[in-house]
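Just so it is clear, none of the values below were taken in a lab; they were calculated from the coordinates. The structure displayed is predicted, hence computed values, not measured ones. Using ideal geometry, Cβ is built from the backbone for each residue, glycine included, and neighbour counts are taken over all protein chains shown.
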């Protein structure tokens, strides 16, 4: 988030290969939701035993499953 988003915006939501940024709608929504807050971003290695990261993974997988069941 902190390393790439400013460049994406400057380049009209293109990545360094001049291709459209994947999941632009989600990045824009995340940017919008964090705007009124002071957010400090930290990279955490996935699936490495970090409790909060593992919890996010469980929640994300549950949301995916719920979405599948709605269709």
In degrees between 0 and 90, to the nearest 10, how far off the longest principal axis of the chain does helix 51-70 point, with axes built from Cα atoms?
80 degrees
Counting other C-beta atoms within 10 Å, which of 14, 19 has the fewest, and how do the rest follow?
19, 14
Treating the angle as unsigned and between 0 and 90°, give the value, to the nearest 10°, between the Cα long axis of helix 24-34 and the longest Cα principal axis of the chain.
80 degrees
